[in-house]
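The structure appears right after this line, and notes come after that.
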Amino acid sequence: MTRKEQIDKNGYILIKNVFSPEEVDKMREMAIAEDGLQGDLLSSEKLASVMMDERVLNIFKECLNSDKLYYFADSNLSINRAGKGGFHKDSTNRHKKDSKEFTDIDYSLLRMGIYLQDHANSSRGLCLREGSHLHQSCGIGKIINVKSEIGDVVIWKLSTTHSANAQVISMFPNTSFHPLIARFVPDFLKQEAANPRVVLFMCFGLKDDYAIEYREYLKTRQYAVDRWQHSNYSDEVVAKMNALGVEIYDGFNIDEIDQDKVNVLYKQI
């Protein structure tokens, strides 16, 4: 089964041993040094190399069955960022009745999480619902705590129901609980989370209607507008990404964004 077939069937893939332990140690060191990064990952002198890593880009390409990718500064560094940890979807029309996002098997916006610590035996990894990308409700699909290990990456569709901060009950390490239930379990009964918990999140897609609509949707989210304001790419970075088959959108036009329509309540994990 190809990676596209896998992600089209399950809504996500755990890909083992993409990076060596030494590479993860280096990425973790660079990420911690970039704590407080305001722009996207491609704007970071230390972390841009991860975005340009052909192993990363090839995973996106294989999952989309395309040699061309589209990127619009939707990536971020997360260090010990908490959030409520409930199930949600990231796709644009997740609340729109009869949204095509959940019937189109070729829905093309994918997010990758590179968790820079082991989550086979610790909390705060990725939790999701298998097959939930084909259902608008966040209440459908088998709950899975993704047991990512050092060097693994996880990639999922934006239409997949997920929570980026899974809580694992120590007495039942192989049982995946709903995040809202796990939240009320006392911390001493949970697997201890790695500290600091460091994750690189990035979104790529095809240059299609889904990407254009999502790009415009992000202009109504304060966290995205703030990130765009601090995202700047050198000509060398743009040329390298283009050579790797990635078209970059940088026409953010911050001054033209209607601030009255920007929602400040939504936060990115």
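Please specify each residue of segment 122-143 satisfying the condition of being open to solvent by 20 Å² or more (accessible area, probe 1.4 Å), in a loop (DSSP other than H, G, I, E, B) and at negative phi.
Residues satisfying the conditions are His135, Gln136, Ser137, Cys138, Gly139, Ile140.
If Gln167 meets every condition in (1) over 17 Å from the mean Cα position of the chain (by Cα); (2) surrounded by 20 or more Cβ atoms within 10 Å (Cβ to Cβ); (3) part of a helix (DSSP H, G or I) apart from one, which number is that one?
In the conditions (1) over 17 Å from the mean Cα position of the chain (by Cα); (2) surrounded by 20 or more Cβ atoms within 10 Å (Cβ to Cβ); (3) part of a helix (DSSP H, G or I), Gln167 misses (3) alone.
Give the number of residues within segment 1-17 that are hydrophobic (A, V, I, L, M, F, W, C), modelled with pLDDT of 95 or more and open to solvent by 20 Å² or more (accessible area, probe 1.4 Å).
Number satisfying all stated conditions: 1.
Go through segment 178-230 residue by residue and tally those that are assigned to a loop (DSSP other than H, G, I, E, B), in contact with a strand residue (DSSP E or B) (Cβ under 8 Å, 6 or more places away or on another chain) and without any contact (Cβ under 8 Å) to a residue 24 or more places away in the chain.
Count: 1.
Right, Leu47: of a type in the set (A, V, I, L, M, F, W, C), under 24 Å from Glu216 (Cα atoms), open to solvent by less than 30 Å² (accessible area, probe 1.4 Å) and in contact with a helix residue (DSSP H, G or I) (Cβ under 6 Å, 6 or more places away or on another chain) or not?
No.
Out of Ser49, Ser44, which single residue is free of Cβ contacts under 8 Å to residues at least 12 places away in the same chain, within 29 Å of Gln229 (Cα to Cα) and among the small types (Gly, Ala, Ser)?
Matching residue, one of Ser49, Ser44: Ser49.
Is it the case that some residue within segment 179-201 is more than 30 Å from Ile169 (Cα to Cα) and of a type in the set (Gly, Ala, Ser)?
no
Can you name every residue in segment 58-75 that is in a loop (DSSP other than H, G, I, E, B) and either among the hydrophobic types (A, V, I, L, M, F, W, C) or on the phi < 0 side of the Ramachandran plot (or both)?
Hits for segment 58-75 are Ser66, Asp67, Lys68, Phe72, Ala73, Asp74.
When you check Asn76 against the structure, is it at pLDDT 95 or above and buried (at least 17 other Cβ atoms within 10 Å of the Cβ), yes or no?
Yes, satisfied.
Quick grid of which residues meet (1) farther than 20 Å from Val18 by Cβ; (2) at pLDDT 95 or above; (3) crowded, with 21+ Cβ neighbours inside 10 Å:
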{"site": "Asn58", "(1), (2), (3)": "no, yes, no"}
{"site": "Tyr71", "(1), (2), (3)": "no, yes, yes"}
{"site": "Asn80", "(1), (2), (3)": "yes, no, no"}
{"site": "Gly83", "(1), (2), (3)": "yes, no, no"}
{"site": "Phe87", "(1), (2), (3)": "yes, no, no"}
{"site": "Arg94", "(1), (2), (3)": "yes, no, no"}
{"site": "Lys97", "(1), (2), (3)": "yes, no, no"}
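The values are calculated or read from the model by the stated rules, or taken from the named source; none is laboratory data. For clarity, every value in this text was computed on a predicted model and none was experimentally measured. Positions of Cβ are generated from backbone atoms using ideal geometry, with glycine treated the same way; all protein chains shown enter the neighbour counts. Accessible surface areas use protein heavy atoms only, side chains included; no ligands, DNA or RNA. Shrake-Rupley method; radii C 1.70, N 1.55, O 1.52, S 1.80 Å.
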